[in-house]
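The values are calculated or read from the model by the stated rules, or taken from the named source; none is laboratory data. These figures come from a predicted structure and were not determined experimentally. Methodologically, a virtual Cβ is constructed for each residue, glycine included, from the backbone with ideal geometry; neighbour enumeration extends over all protein chains shown.
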Amino acid sequence: MAEVRFVHVTKRFGDNTVIPELNLTVPDKEFVVLVGPSGCGKTTTLRLIAGLELVSSGDVLIGERKVNDVAPKDRDIAMVFQSYALYPHMTVWDNLAFGLKLRRLPRDEIRKRVEDVSEILGLDDLLGRRPKELSGGQRQRVAMGRAIVRRPSVFLFDEPLSNLDAKLRGEMRREIAKLHRKLSTTIVYVTHDQVEAMTLADRVVAMDRGRVQQVGAPLDLYKRPKNLFVAGFIGTPQMNFIDVEVSKGSASGSSGLVVHADGLDLDLGDRFDGPTGRRAVLGVRPSDVIVSGPEASGLAAEVEVREPMGAEVFLTLDSSCGALQARVDTHHGARVADRVRLVMSADKVHLFDVESGRSLDRAYDWKDAAPTEVGKES
Amino acid sequence: MMKRKLATRLLTHLFLMTFTLATLFPVLLVIRKSLTPGDSFRLSLNPIPTEVTSQHYKKVVTARDFDGHWLFGRQVLNSLVVAGLTTIFGVFLAATAAYAFSRFRFPGQKSGMAMFLVVQMFPGTLLLIPLYVILDKLGLLNSVAGLVLVYSTTAIPFCVWMLKGYFDTIPKELEEAARIDGASRMGLFWHVVLPLSRPAIAVTALFSFMTAWNEYILAETFLNDEAAYTLPVVLQHFVGDKSAQWGAFAAGAILVSIPVMALFYVLQRHLVSGLTAGGVKG
Ligand SMILES: Nc1ncnc2c1ncn2[C@@H]1O[C@H](COP(=O)(O)OP(=O)(O)OP(=O)(O)O)[C@@H](O)[C@H]1O
Ligand SMILES: [Mg+2]
């Protein structure tokens with residue numbers, strides 16, 4: 001029952017600036033997922049909320065309260081660690097009750113809460129066991145139970161599912177979604193699993209090197225990546241990037257941009273805006289690459305690798321613009337060594353500035369943006 | 001193939017039995033001595049007593065001073081109190097110090113640990129005179145408190161090293177989880193760190209107890225009242241300059257080792273590994 005806010009937060013470890021400047025609001029009751037490559041500062045961000053790390057400058061607010069100097073136990077948060085961090089010498093019951101005992105809740109209340117939570121998470125039969133007698137999935141549940149039983153106003157999850165196998169991960173993911181609906185508490189959730197980010201989040205925060213790259217609904221980030229980093233990070237297989245030359249106007253007389261590359265000319269209409277006569281990066285998702293027969297007009301290419309995934313097939317194609325990936329239906333006829341034409345629809349592609357990495361989509365207004373707000377993919 | 005296996009096995013066992021016997025032999029000789037009448041020190045390698053008497057044990061246990069006060073009971077009590085207090089005091093201080101050395105960053109952290117190691121390198125007898133002077137100034141000569149103080153200070157460096165090494169292996173996340181759950185520093189030390197450190201605590205406790213229980217030179221120097229003696233001093237006096245009561249000495253030695261064996265027996269169930277298993281993964 002609280003929003004979390006970072007105001008001009010920086011975090012250094014010695015000389016190493018891990019978070020150069022963080023401004024972020026996690027609205028009350030929202031499920032916010034932090035994604036980003038390893039080492040980008042996701043865990044550090046979470047630990048700053050928990051109070052396990054202290055900010056080097058700036059403020060962290062929980063609710064209306066500035067918590068910079070508030071001890072972890074007084075921040076009204078609960079955290080689920082990637083390693084679970086269950087107390088090995090205590091039974092499941094004691095693990096769940098530990099925080100409540102320390103807070104001196106009445107015994108009946110403790111019993112009631114532990115029973116409620118163990119029912120929700122299906123831990124009833126495990127209450128007498130110790131952590132080493134539990135499977136990975138069961139430990140995970142206990143770790144979540146220990147957080148839930150405290151009824152905090154903010155939950156923090158640090159890659160809680162990364163130690164589970166694929167099947168269990170799917171199950172727990174759906175369970176976490178259900179829990180959020182039931183508890184309707186603010187959740188900050190760190191992962192580098194895109195599926196978790198896309199399916200769980202009300203809002204995704206994409207981070208790179210300690211900076212927020214884009215904040216938005218999961219589909220926003222997928223459909224309208226704000227910069228090259230987000231475009232490349234969200235979506236599997238990764239978006240194709242093609243170096244192009246941008247020029248103005250076209251035969252059709254539109255005011256928009258036209259891009260050229262070796263063997264490729266694409267009229268983008270007026271979705272994008274940017275300086276002409278310069279280089280830019282054209283982005284196309286593999287699912288938006290239409291693989292046609294050699295008679296069609298489009299970028300000429302040859303099928304190099306064909307990977308059937310079941311319902312769909314991933315194709316790796318060699319073209320004059322370099323290697324590209326396409327994702328096609330499983331019945332698609334293209335075979336290895338086939339010559340094909342690649343057709344891209346102007347309203348499905350993305351265009352980025354080469355230097356700043358920013359999207360040239362008219363939806364984004366960069367006029368007020370600080371030059372540092374967005375980094376380029378290296 | 002089978003034959004060779006059997007042969008190696010036999011050899012291994014022969015080897016082990018030889019060494020076990022070699023280790024136990026002196027103990028058996030002491031037991032024999034304590035049960036054999038007379039105080040002569042005849043060298044016989046037969047560990048089986050030919051005559052049995054309890055006279056030596058009686059003599060040790062029923063010793064009295066000039067006023068007729070029972071000495072042995074008093075001396076056992078001295079030893080128990082000194083060793084017990086040394087253990088409690090030493091382990092408590094060592095555990096708290098080791099925790100600080102393991103978890104906090106502070107000036108002198110590295111050099112502090114190094115100092116403990118350096119102090120360990122000097123033989124205890126080297127400290128005899130300075131310690132005597134200090135205890136004298138403090139008015140603690142001839143007292144239980146003085147001995148406890150001295151024994152604790154000699155046991156603590158080893159205990160700190162031992163415990164710090166163990167604390168370092170306890171995952172940091174467990175403490176972080178406890179901090180979020182609402183534990184204070186002291187609370188998480190008490191509820192999380194100590195219970196998980198049982199094996200190391202048991203070892204250091206045993207070490208402290210034995211250090212104090214067996215120590216002779218310092219006790220002999222600092223104590224001069226028979227009623228204040230600890231058992232090693234008592235034992236030594238059976239074979240002092242004036243007399244050589246080897247029978248009583250042997251009987252006393254056996255009696256003195258019983259509490260240590262008992263303590264070891266009690267503590268050994270804590271000497272298990274893998275207490276932190278299951279807490280964190282990865
Ligand atoms: N206690 C610390 N002391 C020094 N550097 C640290 C400390 N904790 C984190 N860092 C550094 O801060 C950076 C960000 O670390 P962080 O753990 O937040 O990354 P992350 O995004 O969670 O990565 P991952 O996905 O691998 O968990 C890393 O470069 C790391 O080396
Ligand atoms: Mg991390």
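Okay, residues lined up against (1) of a type outside the set (Asp, Glu); (2) within 21 Å of the chain's Cα centre (by Cα); (3) within 16 Å of ligand 1 (Cβ to nearest atom):
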site: A:ASP15; (1), (2), (3): no, no, yes
site: A:VAL26; (1), (2), (3): yes, yes, no
site: A:GLY63; (1), (2), (3): yes, no, no
site: A:VAL67; (1), (2), (3): yes, no, no
site: A:PRO72; (1), (2), (3): yes, no, yes
site: A:PHE81; (1), (2), (3): yes, yes, yes
site: A:ASN95; (1), (2), (3): yes, no, no
site: A:GLU109; (1), (2), (3): no, no, no
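Going through B:VAL150, B:VAL192 one at a time, which residue ends up being of a type outside the set (D, E, K, R) and away from chain A (no Cβ under 14 Å)?
Numbers: B:VAL192 fails: away from chain A (no Cβ under 14 Å).
Residue meeting the stated conditions: B:VAL150.
B:MET186 - would you say it is more than 11 Å from every other protein chain (Cβ to nearest Cβ) and without any contact (Cβ under 8 Å) to a residue 12 or more places away in the chain? Spell out the reasoning first.
On the way: more than 11 Å from every other protein chain (Cβ to nearest Cβ): yes; without any contact (Cβ under 8 Å) to a residue 12 or more places away in the chain: yes.
Spelling it out, B:MET186 is indeed more than 11 Å from every other protein chain (Cβ to nearest Cβ) and without any contact (Cβ under 8 Å) to a residue 12 or more places away in the chain.
Tell me the strands (runs of 3 or more DSSP E) entirely within segment A:181-240 that contain at least 3 residues that are within 16 Å of ligand 2 (Cβ to nearest atom) and within 21 Å of A:MET79 (Cα to Cα).
Numbers: elements: A:186-190, A:203-208, A:211-216.
In segment A:181-240, A:186-190, A:203-208 are the strands (runs of 3 or more DSSP E) which contain 3 or more residues that are within 16 Å of ligand 2 (Cβ to nearest atom) and within 21 Å of A:MET79 (Cα to Cα).
Name the residues in segment A:1-22 that are more than 11 Å from A:GLY210 (Cα to Cα) and either more than 16 Å from ligand 2 (Cβ to nearest atom) or touching a helix residue (DSSP H, G or I) at 6+ places or on another chain (Cβ under 6 Å) (or both), would you?
A:MET1, A:ALA2, A:GLU3, A:VAL4, A:ARG5, A:PHE6, A:VAL7, A:HIS8, A:GLY14, A:ASP15
Within segment A:124-163, can you find the residues that are more than 16 Å from ligand 2 (Cβ to nearest atom), on the phi < 0 side of the Ramachandran plot and in a loop (DSSP other than H, G, I, E, B)?
Filtering segment A:124-163 down to residues more than 16 Å from ligand 2 (Cβ to nearest atom) leaves A:124-142, A:144-155.
This time we only want the ones that are on the phi < 0 side of the Ramachandran plot, so: A:124-142, A:144-150, A:152-155.
Result: A:LEU127, A:GLY128, A:ARG129, A:ARG130, A:LEU134, A:SER135, A:VAL149, A:ARG150, A:PRO152, A:SER153.
Conditions (1) more than 14 Å from ligand 1 (Cβ to nearest atom); (2) in the same structural domain as A:LYS42 (by TED's automatic domain parsing); (3) without any contact (Cβ under 8 Å) to a residue 40 or more places away in the chain, marked per residue:
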site	(1), (2), (3)
A:THR185	yes, yes, no
A:ALA197	no, yes, no
A:LEU200	yes, yes, no
A:VAL204	yes, yes, no
A:ALA217	yes, yes, yes
A:LEU221	yes, yes, yes
A:ASN240	yes, no, no
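So how many residues does segment A:80-89 have that are under 18 Å from B:ARG185 (Cα atoms) and within 16 Å of ligand 2 (Cβ to nearest atom)?
1
Could you tell me whether A:MET90 is touching a helix residue (DSSP H, G or I) at 6+ places or on another chain (Cβ under 7 Å), within 11 Å of chain B (Cβ to nearest Cβ) and closer than 21 Å to A:MET207 by Cβ? Quick ask: steps written out before the conclusion?
Details: touching a helix residue (DSSP H, G or I) at 6+ places or on another chain (Cβ under 7 Å): yes; within 11 Å of chain B (Cβ to nearest Cβ): yes; closer than 21 Å to A:MET207 by Cβ: no.
Judged against the criteria, A:MET90 is not a match.
Out of segment A:34-60, which residues are within 13 Å of ligand 2 (Cβ to nearest atom) and either not in a helix (DSSP H, G or I) or not assigned by TED's automatic domain parsing to the domain that holds A:ALA206 (or both)?
Listed by number, the residues that qualify are A:LEU34, A:VAL35, A:GLY36, A:PRO37, A:SER38, A:GLY39, A:CYS40, A:GLY41, A:LEU52, A:GLU53.
Inspect segment A:171-180 for any residue being without any contact (Cβ under 8 Å) to a residue 40 or more places away in the chain and facing chain B (nearest Cβ under 10 Å) and give the result as yes or no.
No: segment A:171-180 contains no residue that is without any contact (Cβ under 8 Å) to a residue 40 or more places away in the chain and facing chain B (nearest Cβ under 10 Å).
Evaluate the following for A:PRO286: is it under 22 Å from the mean Cα position of the chain (by Cα), modelled with pLDDT under 95 and not assigned by TED's automatic domain parsing to the domain that holds A:ASP158?
Numbers: under 22 Å from the mean Cα position of the chain (by Cα): yes; modelled with pLDDT under 95: no; not assigned by TED's automatic domain parsing to the domain that holds A:ASP158: yes.
No.
Out of segment A:106-115, which residues are surrounded by 19 or more Cβ atoms within 10 Å (Cβ to Cβ) and either part of a loop (DSSP other than H, G, I, E, B) or at the interface with chain B (Cβ under 10 Å from one of its Cβ atoms) (or both)?
Hits for segment A:106-115: nothing passes.
Can you tell me which of (1) more than 16 Å from ligand 1 (Cβ to nearest atom); (2) more than 14 Å from chain B (Cβ to nearest Cβ); (3) on the phi < 0 side of the Ramachandran plot is the one A:VAL55 doesn't meet?
All conditions are met except number (1).
Every residue, every condition in (1) of a type outside the set (Val, Ile, Thr); (2) surrounded by fewer than 17 Cβ atoms within 10 Å (Cβ to Cβ); (3) closer than 19 Å to A:ILE19 by Cβ, yes or no:
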{"site": "A:LEU54", "(1), (2), (3)": "yes, yes, yes"}
{"site": "A:GLY63", "(1), (2), (3)": "yes, no, no"}
{"site": "A:ASP69", "(1), (2), (3)": "yes, yes, yes"}
{"site": "A:ASP74", "(1), (2), (3)": "yes, yes, no"}
{"site": "A:LEU86", "(1), (2), (3)": "yes, no, no"}
{"site": "A:HIS89", "(1), (2), (3)": "yes, no, no"}
{"site": "A:TRP93", "(1), (2), (3)": "yes, no, no"}
{"site": "A:LEU100", "(1), (2), (3)": "yes, no, no"}
{"site": "A:ARG104", "(1), (2), (3)": "yes, yes, no"}
